[in-house]
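First comes the structure, then the notes that go with it.
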Amino acid sequence: MTLERSYKLRILLVALILLFMMTGAIARLYHLQVIKHKDCLARAINNQIRKKNLLPLRGEILDRKENALVVTKAACSINVDSSLIPEKHRRTLSRKLAQVLDIPQEKICDLLKKNKGHFPLARKESDETMCEISAILANLGISKYAIYPLKECQRIYPHDSLLAPVIGFTNMDKGGDNIGVFGLEKQYNEWINGEYKKTYPHRTALWQDLEPIEQKILEATYGNRIVTTIDISIQYAIERALRNALSKWHADYGVAIVQEVKTGEILAMASLPTFDPNKFYSYGPEFRQNRCLSMPFEPGSVMKIFTSAIALDLGLVRMEEMIDCEHGRAIVDGWRVTDSGGHGMGVVPFTKCFANSSNIAFAKVGMRIEPTIYYSYLNRFGFGQKTEIDLPEESSGIMHPLEKWNRHSRKSLSYGYEIALTPIQTITAVSAMGNGGKLMKPYVVSEIQDYKGSTIQKFTPCVKGQVVSPDTAQKVLQLMAEVIDSGTAKKAKIKNFLLCAKTGTTRKSHVKDRTEYIASFAAIFPLDNPRISCYIAIDNPRGAYYAADVAAPVFREVAEQILAYLALPPTFVEPEPTPVCPQTASLPNLAPELENELPTLTIEDGVLPDLKGLTMKEALEALGSAAVDLQFIGSGVVIEQQPAPATPLSETKTCMLVFGKQEPTPARQKE
């Protein structure tokens, strides 16, 4: 009995112990699963799921042939945890970092003293730079976590200052160069900027992701690509010619625009001096502007294009009407008007008045136009209002309201004073003369694509209005053709092509002694099938100031290259003069000697050869076996090439060759 009772007590004791343990386990489970559910779940998620921040990748900007104008590459910011850097090593570390990062040593020392925790030391550095810093830390025995990288994006402008006022530049946010502040970078910032995204992939104990990032989330970080109407070859040609002219005439600044007359597409736009967007912070605000849009000035005699169009459209003047230019000096309605540049003429046809740019003739014609009608036509041409080009910071120019006109306003307006136009306003209005009188909206972006190249939005030509009749526009082209054939723009004549142009020499009215000028030149070509318009203006040239001397040669240099580049057929072919040989003596055969002097180029060691001095055919033959896309500018022989000779072919996708006249070399002496 005693034994049986003893067993029962033992069983009861074990049961109570088990019950107590089960009750404790249930209570613990209840505590974890119910009371501490949120905390435990958060800890589990933190251990199993990794938060990953995805940086935006800003989209490319391309020219019309999809050559890259702007790209984005990965970079890193150098960050410091000063709490991990011993005081005894700070001076030595600052000195070594100053050498690697090109930052003053004292500045680094001050940052280490002022900042007790984490802070950024440098932005947009390469992985190679971070490797150098890691080696410095290891040599000094400092924790590798004291200086660490964070990934970010860097905007790269591979052509440096080329097209900089149009492209613009960016500022940095926490993820790199992602804030457009000027040019296309600003205008299309929302389109080309990607999104910051977060993702939470599951991970292993070694922090390796167990699943890929969702495609939808990843795609959202990619910005769209912008395809522009710009042709980089034409842009290069016009900047080169304009830069040479500014240097030759010691001018303050110059602008140039090339446009498709039928569509309004901008093929090239230059504003010099300019800046390099890769280091825009090194330039003052006077360089970081697009004067083609923001700087209006009095157009001078280029305005006679529009005065002629208005008068012809209204039937107030005839092409062959005889007008008395009074030999260069006249009083027109109580206002003294003179013709400059020795163009004093008597009674001549209106065509000659235009060709030789007679202010007197145009003052008389301008007085025939009623003020209200004159003002209405100027509005039709878009003067006094923005062209609505897809670029920021455009000025509307200056055109006084009709109630502020005085009795002399029509005379002043007729030859380009008392009104200020931006270059984009001028070329847009000039292009209308080559487009049957239709005024087109100018634009720089033709297409927006996603990162794969699929079209999201396409921009098409937009007609803003019919400013004059097609017949009037054709008559104006004929007037402009006379300017090159027999007028003030003879220096712009190009063999075998009929061109239309108008020179403009503006005396700055806001300068106290009025000794500064703007030389401008507007043109459309070719005459038989107008396709391209061009406007060039050079501010304050020294040594000469007439547009015929300063701006016309620039246009000719650019137009010759554009005609060759676009392969436009000649308007006519001038017969070559037959050489007169006084005697028929036989000439020695020099072919073998010349043959030996011709260079034989081969692609050696996988590098780009020196192509200078070769014709187009010879350049093609020299690179026949290389997978390089050639772009030709101009005619003649190669005078310049990009990239430079000896560039590895593996890094060369496109080679731009500039052709021109070869400088004469002294004859070789026989040894």
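The values are calculated or read from the model by the stated rules, or taken from the named source; none is laboratory data. In this text, all values refer to a predicted model and were calculated from it rather than measured experimentally. Methodologically, a virtual Cβ is constructed for each residue, glycine included, from the backbone with ideal geometry; neighbour enumeration extends over all protein chains shown. Note: areas computed on protein heavy atoms with side chains; ligands, DNA, RNA excluded. Shrake-Rupley method; radii C 1.70, N 1.55, O 1.52, S 1.80 Å.
A few comments on the model shown:
- One residue stands out in the range 517-541 among those that are polar (S, T, N, Q) and more than 21 Å from residue 232 (Cα to Cα): the one that is modelled with the lowest pLDDT, namely 529.
- Within the range 135-187, tally of residues that are open to solvent by 40 Å² or more (accessible area, probe 1.4 Å), of a type in the set (A, V, I, L, M) and part of a strand (DSSP E or B): 5
- Every test in (1) buried (at least 16 other Cβ atoms within 10 Å of the Cβ); (2) under 30 Å from residue 541 (Cβ atoms); (3) more than 24 Å from the chain's Cα centre (by Cα) is passed by residue 426 save one, and that test is (3).
- Filter result for residue 81 (out of contact with any Leu (no Cβ under 9 Å at 6 or more places or on another chain), open to solvent by less than 40 Å² (accessible area, probe 1.4 Å) and touching a residue at least 40 places away in the same chain (Cβ under 8 Å)): yes
Matching residues to (1) in contact with a strand residue (DSSP E or B) (Cβ under 8 Å, 6 or more places away or on another chain); (2) over 24 Å from residue 290 (Cα atoms):
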| site | (1), (2) |
| --- | --- |
| 165 | yes, no |
| 187 | yes, no |
| 191 | yes, no |
| 200 | yes, yes |
| 212 | no, yes |
| 215 | no, yes |
| 223 | yes, yes |
| 228 | yes, no |
| 235 | yes, no |
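- Filtering the range 220-237 for residues that are without any contact (Cβ under 8 Å) to a residue 24 or more places away in the chain and in a helix (DSSP H, G or I) leaves an empty set.
- Taken over the range 550-574, residues that are open to solvent by 20 Å² or more (accessible area, probe 1.4 Å) and either under 28 Å from the mean Cα position of the chain (by Cα) or aliphatic (A, V, I, L, M) (or both) amount to 10.
- Some residue of the range 279-288 being touching a residue at least 24 places away in the same chain (Cβ under 8 Å), closer than 30 Å to residue 179 by Cα and surrounded by 16 or more Cβ atoms within 10 Å (Cβ to Cβ): yes
- Annotation note: of 276, 339, the sole residue that is open to solvent by 10 Å² or more (accessible area, probe 1.4 Å) and within 30 Å of residue 184 (Cβ to Cβ) is 276.
- Matching residues, the range 482-510, being of a type in the set (A, V, I, L, M) and within 31 Å of the chain's Cα centre (by Cα): 484, 489, 492, 494, 498, 499, 501
A quick yes/no check of all residues on (1) farther than 27 Å from residue 638 by Cβ; (2) modelled with pLDDT of 95 or more; (3) among the hydroxyl-bearing types (Ser, Thr, Tyr):
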site: 235; (1), (2), (3): no, yes, no
site: 251; (1), (2), (3): yes, yes, no
site: 264; (1), (2), (3): yes, yes, no
site: 281; (1), (2), (3): yes, no, yes
site: 289; (1), (2), (3): yes, no, no
site: 295; (1), (2), (3): yes, no, no
site: 312; (1), (2), (3): yes, yes, no
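- Only listed residue being part of a loop (DSSP other than H, G, I, E, B), touching a Pro at 6+ places or on another chain (Cβ under 8 Å) and either open to solvent by 20 Å² or more (accessible area, probe 1.4 Å) or modelled with pLDDT of 95 or more (or both), chosen from 436, 453: 436
Yes or no, residue by residue, for (1) of a type in the set (S, T, N, Q); (2) on the phi < 0 side of the Ramachandran plot; (3) in contact with a helix residue (DSSP H, G or I) (Cβ under 7 Å, 6 or more places away or on another chain):
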residue: 242; (1), (2), (3): no, yes, yes
residue: 255; (1), (2), (3): no, yes, yes
residue: 278; (1), (2), (3): yes, yes, no
residue: 282; (1), (2), (3): yes, yes, no
residue: 290; (1), (2), (3): yes, yes, yes
residue: 301; (1), (2), (3): yes, yes, no
residue: 325; (1), (2), (3): no, yes, yes
residue: 330; (1), (2), (3): no, yes, yes
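- Any hit, the range 464-472, residues being in contact with a Gly (Cβ under 8 Å, 6 or more places away or on another chain), among the basic types (Lys, Arg) and either in a helix (DSSP H, G or I) or crowded, with 16+ Cβ neighbours inside 10 Å (or both): yes
- Test: residue in the range 95-108 that is crowded, with 17+ Cβ neighbours inside 10 Å and of a type in the set (Lys, Arg): yes
- Qualifying positions in the range 297-336 - open to solvent by 10 Å² or more (accessible area, probe 1.4 Å), over 40 Å from the mean Cα position of the chain (by Cα) and among the small types (Gly, Ala, Ser): 315, 334
- Members of the range 456-483 found to be more than 22 Å from residue 166 (Cβ to Cβ) and free of Cβ contacts under 8 Å to residues at least 60 places away in the same chain, listed by number: 463, 466, 470, 471, 474, 477, 481
- So residue 544, is it open to solvent by 50 Å² or more (accessible area, probe 1.4 Å), modelled with pLDDT under 95 and part of a loop (DSSP other than H, G, I, E, B): no
- Residues (surrounded by fewer than 16 Cβ atoms within 10 Å (Cβ to Cβ) and closer than 30 Å to residue 109 by Cα) located in the range 67-78: 74
- Scan of the range 502-516 for residues that are assigned to a strand (DSSP E or B) and either open to solvent by 30 Å² or more (accessible area, probe 1.4 Å) or without any contact (Cβ under 8 Å) to a residue 12 or more places away in the chain (or both), ordered by number: 505, 507
- Count of the range 485-516 residues, restricted to those that are touching a Lys or Arg at 6+ places or on another chain (Cβ under 6 Å) and at pLDDT 95 or above, is 0.
- Where residue 64 falls short, out of the listed (1) within 29 Å of residue 146 (Cα to Cα); (2) out of contact with any helix residue (DSSP H, G or I) (no Cβ under 8 Å at 6 or more places or on another chain); (3) surrounded by 14 or more Cβ atoms within 10 Å (Cβ to Cβ): (1)
- Matching residues in the range 506-539 - criterion: being polar (S, T, N, Q) and more than 18 Å from residue 483 (Cβ to Cβ): 509, 515, 529
- Yes/no for residue 143 being polar (S, T, N, Q), more than 21 Å from residue 170 (Cβ to Cβ), modelled with pLDDT of 85 or more and touching a Leu at 6+ places or on another chain (Cβ under 9 Å): yes
- Any chance residue 387 is free of Cβ contacts under 8 Å to residues at least 60 places away in the same chain and either crowded, with 19+ Cβ neighbours inside 10 Å or of a type outside the set (Val, Ile, Thr) (or both): yes
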